[in-house]
Amino acid sequence: MREWQQRLELAISQPVDKADLSNRQLNLMPESLFHLGDRLLSLNLRRNCLQSSKMTPDSSASQRGDRLSGHLEDIQIFRNLTSLDLSENFLTTLPACLCRLRSLTELNIAANQISALPNEISNLIKLRSLYLYNNRLTELPDSMTSLAQLSVLLIAFNRFEELPPVLACLPSNSDVILPGNQLSSIPDALAQRLDAGGIKRINLRFNRLVAIDSGISLGLAGLTHLVYLDLRDNLIETLDLQPLSHLEFLSCDRNRLADIFVNGTALRTLLLVENKLQSLKISPPPKRLECLDVSDNRLDSLPDCLWPSGRASLLRLHAGGNEIRRLPADIWRCVKLQSLRLERNRIAELPAAPAEAANGLTELLELCLHSNQLTRLPAALFHLTPALVELNLANNQLVELPKLPLRNSGNRLQVLTASFNQFSDADVSFLAENFGSSLRTLLLAFNRLTEINDETMLQFCELRELNISGNQLKTLPSTLSRLERLVTIRAHSNCLQRLPDLSDSPRLRTLDVGCNSTLSGSVRNLMESRLSFLDLSCNQQMGMSMQDLASVRSSSPIHTVDASSAESTLMLLSPPTTPLQTAQRRRSTGSVRSVGPFQFGLAEVAGSRPSSIISVSVAKRMPYPTPDGGLFAMFDGDGDAAIARRLQADFCRAFKAELRGVVAGSGAAPAASPEGAALRRALLTCHRRLRNLGRRRGAACAALHLKRWPGHWQVTAANAGDVEALLVQRPRNPEAEDGVGRRLTRCFLAQRDRDEATRVTKAGGVVTDDGRVNGQCRCTRMLGWSSLHPVVVPDPQVTQLNLTEWDDALVLANRGLWSHVGHEVVAAEVLKVAHPVAAAKRLVDLAQSHGSSGNICVLIVKIRPELLARAPSFADEDFAASSSVFSFDSDQSEDRRDRLACGMRDRLASEVKHQELDADLAEALSGDGGSTVPDDRSTTWTWQRRRRPSMSKRSGIGAGMSGLLLRHVHASLTASDVGIDIGSEWKTKHRQRRYDGGGDSGDDSSDWELDWRWDAGSSVGYPATLDSRRSSIPGSQSASGDAVDFELRESLNSRAAPSAVATAAAPASAVNLGHPHRNLVDTGTEPEAPGAISV
């Protein structure tokens, strides 16, 4: 009601000569509209569903004197109307009666389904602007030649195969805008007529223009008056535009150009990105050229014609992604140059500045030289670029920075990226002395830094972001907390032994000190800081004591990362009060997750903007959903974290259900690819469950499923959007150094996939200049964006292949990596690092050093060929017995086991009573109709049942079940007369699952879980998850299909246990504990018990 009231007030407040009824879902126009009569000058009916009366103009309601019905034809009564907008109304024809509105100057019927215009449109003699884009037009009526005042005609994204002749009759100041059609050439006769009419601007983007032998076949050579020409996204191989002497702007991005000839008399902007150019010919030399972009071609040098005598006017020169080996010395004469990008070339040395260019590039703001072969820089580099703001020298072979003293202290360098070089501590001191007051971002990852003293770091008073990962640092400067503007510190993959006190850092939000195997101590100070993102993964000696955490009083949430276990993201909520509540809130593993022949690790980072959040969610579960399979998935919400979390929360269960359905539906003959069909259906199910959440937003996704078959492993990949998967293979030739990257997915971007762009246009969509579909969605296929269907579809592409002994890793990453780092570069970098978490972090740093500023998320699954050849099954007894999930190594000392048992008992002492309840527990279970099934092989027994409506009322079951099971576990732990292996796992779980039973699977408000788990990789046990949102098991009012599974598993080992359990206190620095956030992760990665059954 309030919304309609606001709309009414808005309509009343409008001037009497204008009416805006757009986006009202109208089938008929309201009767009150017709009261305006001849006073109405502007009418906006965009985004409605207006109906036609199917009448001829002579029998309309207005002429018969009847009451107006509000149909489309009744608009003709507004005889003074000058502007009419009927776009997006699903019109198939334009009623001829509307052509009687002779006062119209602007008519918009775009984004409809109109296939032809009536000849009566020539009656609109005052028409100046006509918008016909995104329809189904194949031709224009010849009668339009009488529209002498028509200056704007937009017919983009229609179905024209030939240029309409009526365009030759347009005024000389009009534009020809025809992107998204099916034009292959311009007839010479029509080109001459267009040239005679003085046409100056033509846009032929996204057509089918082909020129193999000569540009004359396109008919463009005859358009001598052209000033603006846009030929992006066509199929042109050779182009000759020398006759166009007035041409100022030319864009030929994403064609197949190998040669081009351009007239440089008036040329100001030349864009030739992503072609196959080996030469560039511009004659005469372009004295007015301001912008040149020839990135991603095959040029081995820049043409000499770019450096005419005298001062050049060039403002921007981009030539990255070529094969340039040397630069001309005349480049220093471009005194007006503001941006110079030469990344991803083969430049070994920068030229020396000539004497006449001693002042250098005084206006240069950006210099990008990453991914070259530079070994040294000019000694006067900083003298020649006094106004430099951003400098990128990453991924070269530089040993030192030029140390020539600067002439003044007015340097403005704010961003320095120098990762993946060989810089030393002296270079850091030089930067602090000369640029400490201006630097805001300093990236020095993977160099040769060994120590940064406190005084040096204190000079970086304006620093916001610091990345010193991958060096040999043993300590971090203690003055980091005194840098008032510092927001991000990344110092992973070093040799850190301790961390400074960062609790007083006023703005520090992100801290990454993972992969520091020697780092030890407590994290209490970090908990007291203002951190919002913390990564302590793979630090085996880093721990937290219960006493320290009990005293923490921080009130800010900390987003922590577990890079190797089954959970990808953990949430630390504070303040903790009791030791058990502390144990609920945080856990981090100290070693990489290893399952079967696979090891996997995760690295992620938020964008560089202060307000950036991680909008990428990852699911990684192995084994899942069967003992001999694994499932990995990534969802990128493009800045929307809620939709990514929702999809991640639904996907694993959806895949498991769909896989069961595919196998069951295939009957006796299994489907050829049940995993591929299940992946596709699971993603579509997640898309469908988004509902209103995915109406005007969406997420790119990719999923991998690993499956063991007799004799080999099979990987199935599915994706929609620009999240991609890559299979990294080792070189089969021993002399080769770089590996091979095999793409498993497809990048669904309209500017990179011509087939998808064609599908979009056929479905009635458009691709805007920035590459977005309908100006909104960046991909042609995504989960969500239901408002753009069928232009944007969620249908994923599925690929399957078998793994071999040459395969090294699987890489799953979002666009933050792939848009800046090539697939072959990723493959080469992954082969350099054996540890999957360290390899993932290295790729993140590499993407940032290449200019990636958004969310970056990388998941790497390393393949161990020795186990891959053996192809073990997770269900095999030998493999299960050797897994560290179930037991400790045999050489573990008895004293350590005593300490471990003591730690486990102390954490339960505050919650359970010391009493033996085995009999009560067995009676409660048997009394409720459960069944106990022993397993002779490992003395493992499991009890599971389906929920009954009256279950919560039975004795021993319901509200007290949690305490009953915990007490039984405690009694088992403290028993001295029973041989118990400390390495066994006890798991007690209450879970109500809502999946297909009428509720929304993304709503986990009814989940209730208690999980006691033993981590063999840590030094103590811990209660892993405890969510007491409900103090009792829900009642019988749940939807059909809900189930409650009770599982109690006790694994006993034949080895003798200690005679008595030690009572000493647990060690202070024991283990990182945590509570997985239910919306972000899928728990339960351990294998199912072999003896588990459902009753």
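The values are calculated or read from the model by the stated rules, or taken from the named source; none is laboratory data. The structure displayed is predicted, hence computed values, not measured ones. FYI the Cβ positions are ideal-geometry reconstructions off the backbone, even for glycines, and counts take in every protein chain you see. Protein only, heavy atoms only, side chains kept; ligands, DNA and RNA dropped before computing areas. Shrake-Rupley method; radii C 1.70, N 1.55, O 1.52, S 1.80 Å.
Computed quantities for the displayed model
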item	result
Residues of region 136-154 that turn out to be open to solvent by 10 Å² or more (accessible area, probe 1.4 Å) and part of a loop (DSSP other than H, G, I, E, B), as a count	8
Pair list, Cβ under 7 Å, 6 or more apart: region 196-207 residue over 13 Å from Leu247 (Cα atoms), other residue at pLDDT below 85 and crowded, with 21+ Cβ neighbours inside 10 Å	Gly197/Leu170
Search result, residues across region 782-791 that are in a loop (DSSP other than H, G, I, E, B), of a type outside the set (Val, Ile, Thr) and open to solvent by less than 40 Å² (accessible area, probe 1.4 Å)	Met782, Trp785
Residues of region 703-745 classified as open to solvent by less than 10 Å² (accessible area, probe 1.4 Å), hydrophobic (A, V, I, L, M, F, W, C) and in a loop (DSSP other than H, G, I, E, B), total	2
Whichever residue in region 72-119 is assigned to a loop (DSSP other than H, G, I, E, B) and among the small types (Gly, Ala, Ser) and, among such residues, is farthest from Ala156 (Cα to Cα)	Ser103
Matching residues in region 640-655 - criterion: being in contact (Cβ under 8 Å) with a residue 60 or more places away in the chain and either β-branched (Val, Ile, Thr) or open to solvent by 10 Å² or more (accessible area, probe 1.4 Å) (or both)	Ile643, Arg645, Arg646, Ala649, Arg653
Flag for Gln6 being in a helix (DSSP H, G or I), surrounded by fewer than 16 Cβ atoms within 10 Å (Cβ to Cβ), modelled with pLDDT under 85 and not assigned by the TED database to the domain that holds Glu120	no
Checklist (1) more than 41 Å from the chain's Cα centre (by Cα); (2) without any contact (Cβ under 8 Å) to a residue 24 or more places away in the chain; (3) buried (at least 16 other Cβ atoms within 10 Å of the Cβ) applied to Pro165, failing item	(2)
Unmet requirement for Leu812, which otherwise passes all of (1) in a strand (DSSP E or B); (2) in contact with a helix residue (DSSP H, G or I) (Cβ under 6 Å, 6 or more places away or on another chain); (3) open to solvent by less than 20 Å² (accessible area, probe 1.4 Å)	(2)
Candidate set from region 270-316 (those that are among the hydroxyl-bearing types (Ser, Thr, Tyr) and surrounded by fewer than 18 Cβ atoms within 10 Å (Cβ to Cβ)); member that is nearest to Thr362 (Cα to Cα)	Ser313
Check on Thr450, farther than 22 Å from Asp535 by Cβ and either part of a loop (DSSP other than H, G, I, E, B) or of a type in the set (S, T, N, Q) (or both)	yes
Single condition Ser429 does not satisfy, out of (1) of a type in the set (S, T, N, Q); (2) open to solvent by 30 Å² or more (accessible area, probe 1.4 Å); (3) under 35 Å from the mean Cα position of the chain (by Cα)	(3)
Failed item, numbered, when Arg201 is tested on (1) modelled with pLDDT of 90 or more; (2) closer than 18 Å to Leu235 by Cα; (3) not aliphatic (A, V, I, L, M)	(2)
Subset of region 228-246 (residues that are open to solvent by 10 Å² or more (accessible area, probe 1.4 Å) and not charged (D, E, K, R))	Tyr228, Leu235, Thr238, Gln242, Pro243, Ser245, His246
Residue in region 759-781 that is in contact with a Cys (Cβ under 7 Å, 6 or more places away or on another chain), open to solvent by 20 Å² or more (accessible area, probe 1.4 Å), farther than 24 Å from Trp713 by Cα and not acidic (Asp, Glu) present	no
Test: Ile468 is more than 29 Å from the chain's Cα centre (by Cα), free of Cβ contacts under 8 Å to residues at least 60 places away in the same chain, crowded, with 16+ Cβ neighbours inside 10 Å and under 25 Å from His370 (Cα atoms)	no
Qualifying residue in region 259-270 (condition: assigned to a loop (DSSP other than H, G, I, E, B), modelled with pLDDT of 90 or more and among the basic types (Lys, Arg))	yes
Answer residue from region 331-349, given it is open to solvent by 20 Å² or more (accessible area, probe 1.4 Å) and either touching a helix residue (DSSP H, G or I) at 6+ places or on another chain (Cβ under 8 Å) or of a type in the set (A, V, I, L, M, F, W, C) (or both) and is nearest to Thr385 (Cα to Cα) among those	Val335
Pairs with Cβ under 8 Å, 6+ apart, first in region 333-351 and closer than 16 Å to Ala394 by Cβ, second acidic (Asp, Glu) and surrounded by fewer than 21 Cβ atoms within 10 Å (Cβ to Cβ)	Leu340/Glu366; Arg341/Glu366; Asn345/Glu323; Arg346/Glu323
Residue match in region 388-403 (condition: modelled with pLDDT under 95, open to solvent by less than 20 Å² (accessible area, probe 1.4 Å) and among the small types (Gly, Ala, Ser))	no
First in region 791-816 and within 30 Å of Gly764 (Cα to Cα) and modelled with pLDDT of 95 or more, second anywhere and aromatic (Phe, Trp, Tyr) and crowded, with 21+ Cβ neighbours inside 10 Å, Cβ under 7 Å, 6 or more apart	Val792/Trp785
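Table: residues versus (1) over 30 Å from Ser478 (Cβ atoms); (2) surrounded by fewer than 18 Cβ atoms within 10 Å (Cβ to Cβ).
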position	(1), (2)
Ser371	yes, no
Leu374	yes, no
Glu433	no, yes
Leu442	no, no
